[in-house]
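Here the structure comes first, spelled out in structure tokens, and everything after it is commentary.
The numbers here are math on the coordinates, done by the rules we state, and not lab data. Bear in mind the structure is a predicted one, so any value in this text is a computation, not a measurement. A quick note on method: Cβ atoms are made from the backbone with ideal geometry, for glycine too, and the neighbour counts reach across all protein chains shown.
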Amino acid sequence: MPKPTSKPTPLTEDPRPLIGEPLALDLLNTWWMRDGAVQDLLTIPGGFAVWLGSNGLGERFAADTITLTATNIARGALKEAVDGGRTDDLDAVLGMGRIRATLTADGPGEVPEFEDPRWGPGWLAARSYLELLSTAPDRIRRCAHDACILHFLDTSRNGTRRWCSMASCGNRAKASRHYARSKEF
């Protein structure tokens, strides 16, 4: 009797622990840690479709392998810029599109245009990073927990947020400090 084969369940919900950040940081957060291993939402078009849907881009861009590849290139360039300060690759991604000024019945507007529409999601994320740099560069943060790789925009009133989530990383850090203090006594 042959063994039953099961197909992997397609993703329908976003499995990431932190969603809803500005597009640039949300793209970076398609990498996260679970049980000490890096998880990657953008390894298959199905995960890419979930990310596009989570960001309201699912109707606008195809979740195909070419668009996924271009978005992964943009994600790597964003990581270099945010974590390492290298901007050459991100500048190359930004070269794949432009903003066209428009005038509508509602007033002035902007329309993004792309050299190749498959660069659209990655270009929009790169553009989002430029907007963050122009409005709140000192509020772009990486979670302070050693075992976390998530990024967030600190929207706290006093600008001192350290954790991607107080419920997860913040509590783990507090528990570790408490455990270390209790060992001293």
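Compared with the alpha-carbon gap, the fully stretched path from residue 64 to residue 39 is longer by 7.0 nm at 0.36 nm per residue.
Inter-label distance, residue 73 to residue 158: 4.5 nm, where each label sits 7 Å from its Cα along the C-beta direction.
Under the convention that each Lys and Arg Cβ holds +1 and each Asp and Glu Cβ holds -1, the size of the dipole of the stretch 23-135 around its Cα centre is about 80 debye.
Listing 86, 34 from fewest to most neighbouring C-beta atoms within 10 Å gives 34, 86. Of the residues 160, 72, 137, the one whose Cα sits farthest toward the positive end of the charge dipole of the chain, with +1 on the Cβ of Lys and Arg and -1 on the Cβ of Asp and Glu, is 160. What are the GluC sites (Glu not before Pro) within the stretch 79-145 that DSSP puts in a loop, where the Cβ has at most 16 other Cβ atoms within 10 Å? Those that pass, being in a loop and sparsely packed, are 115. Sorting 151, 145 from the fewest to the most surrounding beta carbons within 10 angstrom yields 145, 151.
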